[in-house]
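Structure record follows, encoded as structure tokens.
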Amino acid sequence: MTITWFGLIASLLLATPGCAGDFQGNTEVQSFINEMVKRHQFPREQLVDLFAHARKRDDILEAIARPAEKTKPWYEYRKIFLTPQRISGGVEFWKANAAILERAASHFDMDPAIIVAIIGVETRYGKHTGSYRVIDALSTLAFAYPPRSKFFRSELEQFLILTREEDVDVDEVKGSYAGAMGYGQFIPSSYRSYAVDFSGDGKRNLWNDLEDIIGSVANYFHQHGWTTNQAIGARVSSPGKPPSEFPISDNLKPADLTAGDFAAKGVLSTPKLPASQPVALLELEQPQGPEYWLIGNNFYVITRYNRSPLYAMAVFQLSEAIRDAYQQSGH
């Protein structure tokens, strides 16, 4: 059954009573429906019908309990994304969309290689945007996953508002097991806040419109404080663990220490970072022992897209590999 916000009346008139859904009669769902009716003026019958067809997915609950960022060390996680196929795919994506990437990079003061790498890490350049119905994913996590039910309940609210704003087919739209959508895997709140109509056609389409897709990723980073031409980070080249006066960063956000402060104590990096650049210290796990990186604010900005330092490092290193291969191809 297909449910669209503007086709509601016709669908309700034609529909026959269906079987009870996984969330029908759920008191939390009833409370959520009441809130959506009162706060956002959604028709009650519409929401009752929607949740009568929503399904709790046990495979989603299993997937969210074992994300790769929390189960794999860096040296294994890196292998997922730093592959010849993903690098060559990035070069092809860049070539095919060079004009859009150049316009977005200029308009939003953004690095095109990072835009390409994000899309590559998230969906292999649009090849894998997710096979879960978003209404099922968000309902499952909002009402059957207590550890993060508050967050996903909010995202479910944002999703329903989004589908109304953009006239998206709420019953058919698909995404990740966590409800992320499109080439860049925007969660609903990010979609509403940061997606842009870069093509100028009156819609923000992150599934099919490459101008909107690329422009929206660029805008996300712009809005979170990306600084053009500032180093993302550099690997510590001096041997051994840095002195204890330089703690491993918890939040990955540079504070009071600069690359010059580290250098003064013998902690050097390759490439050498500007002495005045604020940096934080990151430790990553390798088979032979830890490696250390000095990371700047742009690294922290990448973690606003996904808070895992492994994710941010994968995006950083993939972007550099794609840039090198793109330039070597004559561009």
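Read-outs throughout are calculated quantities, based only on the coordinates presented, and are distinct from any laboratory measurement. What you see is a predicted model, and the numbers here were worked out from it, not measured in a lab. Reconstructed Cβ throughout: ideal geometry from the backbone, glycine too, with neighbour counts over all protein chains shown.
Note on the chain: helix-only mean residue ellipticity at 222 nm, from DSSP H runs of 4+ residues weighted -39500 (n - 2.57) and normalised by residue number, equals -15000 deg cm²/dmol.
Between the residues Thr228, Asn208, Ile64, the greatest Cα displacement towards the positive end of the dipole of the chain, with unit charges on the Cβ of Lys, Arg, Asp and Glu, is found for Ile64. Between the Cα long axis of helix 27-40 and the first principal axis of the chain there is an angle of about 90°, rounded to the nearest 10.
With the charge dipole of the stretch 132-204 set up from +1 on Lys and Arg Cβ and -1 on Asp and Glu Cβ about the Cα centre, the Cα lying farthest toward the positive end among the listed residues Leu160, Ala180, Phe198 is that of Ala180.
Panel values: the stretch 233-295, Kirkwood radius from alpha carbon pairs, Stokes-Einstein at 37 °C and 0.692 mPa s, translational diffusion coefficient 285 µm²/s.
Would you mind working out the magnitude of the charge dipole of the chain relative to its Cα centre, with +1 at each Lys and Arg C-beta and -1 at each Asp and Glu C-beta, to the nearest 20 Debye? The partial results should precede the final answer.
Working: 33 positive and 38 negative charges, 116 e Å.
Dipole magnitude for the chain comes out near 560 debye.
The slack between Ser149 and His331, meaning 0.36 nm per residue of separation minus the straight C-alpha distance, is 60.8 nm.
Label-to-label distance for Ala63 and Tyr75 is 3.0 nm, based on points extended 7 Å past Cα in the beta-carbon direction.
When the dipole is taken about the Cα centre of the stretch 121-164, and only Lys, Arg (+1) and Asp, Glu (-1) are charged at their Cβ, what size is it in debye, to the nearest 20? Don't skip to the end; give the middle numbers.
Values: 7 positive and 4 negative charges, 10 e Å.
In total the dipole reaches around 40 debye.
Shown in residue order for the stretch 298-307 are the 3J(HN,Hα) couplings computed by the Karplus curve 6.51 cos²θ - 1.76 cosθ + 1.60 at θ = phi - 60°: 5, 5, 4, 4, 4, 6, 6, 7, 8, 6 Hz (x for Gly and Pro).
Modelled spin labels at Ser237 and Arg164, positioned 7 Å past Cα toward Cβ, are 5.8 nm from each other.
Let me have the relative contact order for the chain, percent, based on Cα pairs under 8 Å that are six or more residues apart. Here the relative contact order equals 18 percent. Taking the Cα centre of the stretch 82-204 as reference, the dipole from Cβ charges on Lys and Arg (+1) and Asp and Glu (-1) amounts to some 380 debye. The residue among Pro271, Trp293, Leu282 whose Cα reaches farthest toward the positive pole of the charge dipole of the stretch 233-295, with charges on the beta-carbon of Lys, Arg, Asp and Glu, is Pro271.
Using the Cβ-Cβ distance between Ser193 and Glu285 with R0 set to 41 Å, the FRET efficiency works out to roughly 0.75. Remark: the Glu45-Gln230 segment gains 61.3 nm on full extension, using 0.36 nm per residue and subtracting the alpha carbon distance.
Distance between the C-alpha centres of the stretch 85-163 and the stretch 205-246: 15 Å, rounded to the whole angstrom. Value of Rg to Rh for the chain, rounded to two decimals, is 1.03; Kirkwood radius and Rg both from alpha-carbon coordinates.
Angle of helix 112-123 to the longest C-alpha principal axis of the chain, folded into 0 to 90 degrees and rounded to 10: 50°. Rounding to the nearest 10 and keeping the result within 0 to 90°, find how far the Cα-based axis of helix 98-108 lies from the longest principal axis of the chain. For 98-108 against the chain, the angle is about 90 degrees.
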